[in-house]
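To keep things clear, I will list the structure first and then write my remarks on it.
The values are calculated or read from the model by the stated rules, or taken from the named source; none is laboratory data. Being a predicted model, the structure only gives us computed values, none of them experimental. Here the Cβ is made from the backbone with ideal geometry for all residues, glycine too, and neighbour counts use every protein chain on show. Note: areas computed on protein heavy atoms with side chains; ligands, DNA, RNA excluded. Shrake-Rupley method; radii C 1.70, N 1.55, O 1.52, S 1.80 Å.
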Amino acid sequence: MSLLQAPSGHSSNGEAEKHPHGMAVAAEDDVDTGAALVAGISGDLDPVEVARVRRKIDIGILPMMCTLYWIQFMDKTTLASASILGIEQDANLSTNQYNWLGTVFYVSYFLFEFPQNLALQRFPVGKWISVNIFVWGVTLACTSACSNFTGLFVTRFILGMCEGSVTAGFMIVTSMFYTRNEQTLRVGYWFTMSGTAQIIAGFISFGTLHINTPGFAPWRWLMIITGTLTLITAVIYWFFFPDSPTDAWFLTPAERTIAVRRLKENQTGVENKHFKKEQMIEAFKDPKTWMFALSSVLNMIPNSLTNQRQIIVASFGFSDLQTTLLSCVDGFIEVATIWTGVTIAARIPNGRAYVGAAYFVPPLVGILMIEFLPWSNQIGLLFAIWLVDIGITGFVLSVSWLTSVTAGHTKRVTTNAIMLSAYCVGNALGPFMWQSQYKPRNYIPWIVIGICYILCPLLLLTIRFVLRRENKKRDAEPVNDGFEVYIEQVTADGKHVEVRVDKEFLDLTDIQNRDFRYVL
């Protein structure tokens, strides 16, 4: 049985069975997974109870999300740390081969992004992520046995394949458990762990530099240590990370109902395991999908600094030990800027684009400093690098914004896949800027980064303009109360009854649901 009869007289997924009174009857597979939990329930929620459930959700999932994001980002940047620990010499890597190791990760990420998102819709989210983490950990540990470009190329390819499940999965989980107003802060919380990862990786790298094992270089110990931490995380995720609020182990049945009902304001529901082709097509036709995707590409070309930063800092004249420890400062700056950015954006109504655009100003100043300061000004150049790090905040805000302005589970999965595929394109292209002929000043790469950081804020403001215009258009339309859909449920005594489902849990897209308003 297919979805529902839309008010316009056509269904969004075929013809629905008609209720005896002219209303539509839908199968549970066609509506949101939270529909069966809250169907027929009315009345206002107690704000105290809502706040208590939100705290339980924060305690139940945020620590694990933050831990995994720290682990995966630290693992992803082991290549940068290993560059100071001797991997290029041990594996006889040329500059171009080293750049390819940064690129192949994102090529693999790109190739597997759509399959990963489809799997996240089809399978339990927590379990699927944990399987990927386990494969990731085994692969990272095995990297310690590599001694040439080919072996490192294969392991980096596998790491990229697994990476595709993490950010995409977290975007889905965040939209499942939190209201749109809460999502900006929560996305910011787990994204700050990328900065924390740089801090911890810096100290681990510093420690491994002091391990003197004949025939086993420090960078190999780095892979063993980080791989082991990842495997431990995989086991914890398998047993403790929930798949959705409808089955979260840390919530009672009554609290699960509250957790789902409080999402009503999102107009997005929780999730739907049934793939809907028409929602996928809508995602591809939606202009905002491609504006966010372009923003992602432009944000991520400068992210090639992840694997180049320590090489650049070392070229300023710092020793390997100093460079390793200074990488911790990059992490502190990233944590501080992301945290302040998402906090300000959460407190300014409809201010995401303005805040995101403002955070691109310091990086542009940093780029000008790098281009024009004398090479002898070691400290000034170092501070310029740190200013450039602030640019990541705009990307974090765009990720949280995308989850807030997309409804319909298949459409959300598709837009996530498109944006993260664009993320891969930017990261794959970026490393090729850093050619040996541009060293040590790297004027050309820094000019490219500057152009990207000029276009990014302009794109954010353009997206805001388009969504604001659409909101005004919808405000002028007459209110549509034509949605009346029922699902069939079996009572405790075996009777079949039809229970009304609120429109918010019909798995409508943001375009199908004209009552949906885009947050700005």
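For the reader, a short list of remarks on this structure follows.
- From the options Phe360, Phe284, Phe275, residue that is open to solvent by less than 20 Å² (accessible area, probe 1.4 Å) and either of a type in the set (A, V, I, L, M, F, W, C) or not assigned by the TED database to the domain that holds Pro457 (or both): Phe360
- Residue within the stretch 103-110 that is buried (at least 18 other Cβ atoms within 10 Å of the Cβ), more than 19 Å from Ser304 (Cα to Cα), among the aliphatic types (A, V, I, L, M) and in contact (Cβ under 8 Å) with a residue 24 or more places away in the chain present: no
- Any hit, the stretch 317-333, residues being surrounded by fewer than 24 Cβ atoms within 10 Å (Cβ to Cβ), touching a residue at least 24 places away in the same chain (Cβ under 8 Å) and farther than 30 Å from Leu101 by Cα: no
- Single match in Val448, Val466 (criterion: open to solvent by 10 Å² or more (accessible area, probe 1.4 Å) and either more than 30 Å from Arg517 (Cβ to Cβ) or in contact with a helix residue (DSSP H, G or I) (Cβ under 6 Å, 6 or more places away or on another chain) (or both)): Val448
- Checked against the criterion of being without any contact (Cβ under 8 Å) to a residue 12 or more places away in the chain and of a type in the set (Phe, Trp, Tyr), the candidates Phe149, Phe123, Phe206 yield just one match: Phe123.
- All positions within the stretch 190-213 that are of a type in the set (Ser, Thr, Tyr) and surrounded by 19 or more Cβ atoms within 10 Å (Cβ to Cβ): Thr192, Ser194, Thr196, Ser205, Thr208
- Unique match (being farther than 29 Å from Ile392 by Cβ, open to solvent by less than 50 Å² (accessible area, probe 1.4 Å) and out of contact with any Cys (no Cβ under 6 Å at 6 or more places or on another chain)) among Thr246, Thr226: Thr246
- Any hit, the stretch 181-188, residues being touching a helix residue (DSSP H, G or I) at 6+ places or on another chain (Cβ under 8 Å), assigned to a loop (DSSP other than H, G, I, E, B) and of a type in the set (D, E, K, R): no
- Filter result for Ile232 (more than 30 Å from Thr406 (Cβ to Cβ), among the aliphatic types (A, V, I, L, M) and either out of contact with any strand residue (DSSP E or B) (no Cβ under 6 Å at 6 or more places or on another chain) or at pLDDT 85 or above (or both)): yes
- Among (1) open to solvent by 10 Å² or more (accessible area, probe 1.4 Å); (2) touching a residue at least 40 places away in the same chain (Cβ under 8 Å); (3) touching a Lys or Arg at 6+ places or on another chain (Cβ under 8 Å); (4) not in a helix (DSSP H, G or I) - the single one Thr406 does not satisfy: (1)
- Screening the stretch 46-94 for residues that are in contact with a Phe, Trp or Tyr (Cβ under 9 Å, 6 or more places away or on another chain) and not in a helix (DSSP H, G or I) and picking the one that is most open to solvent (accessible area, probe 1.4 Å) gives Asn92.
- Screening Gln97, Gln121 for residues that are buried (at least 19 other Cβ atoms within 10 Å of the Cβ), part of a helix (DSSP H, G or I) and either in contact with a strand residue (DSSP E or B) (Cβ under 9 Å, 6 or more places away or on another chain) or outside the structural domain of Arg412 (by the TED database) (or both) leaves exactly one candidate, Gln121.
- For the stretch 334-357, the set of residues classified as open to solvent by 30 Å² or more (accessible area, probe 1.4 Å) and outside any loop (DSSP other than H, G, I, E, B) consists of Val335, Ala336, Trp339, Thr340, Ile344, Ala346, Arg347, Tyr354, listed by residue number.
- Hey, Leu251 in a helix (DSSP H, G or I), open to solvent by less than 30 Å² (accessible area, probe 1.4 Å) and either at negative phi or modelled with pLDDT under 85 (or both) or not: no
- The stretch 126-151, residues that are surrounded by fewer than 23 Cβ atoms within 10 Å (Cβ to Cβ), aliphatic (A, V, I, L, M) and in a helix (DSSP H, G or I): Val131, Val135, Val138, Ala141
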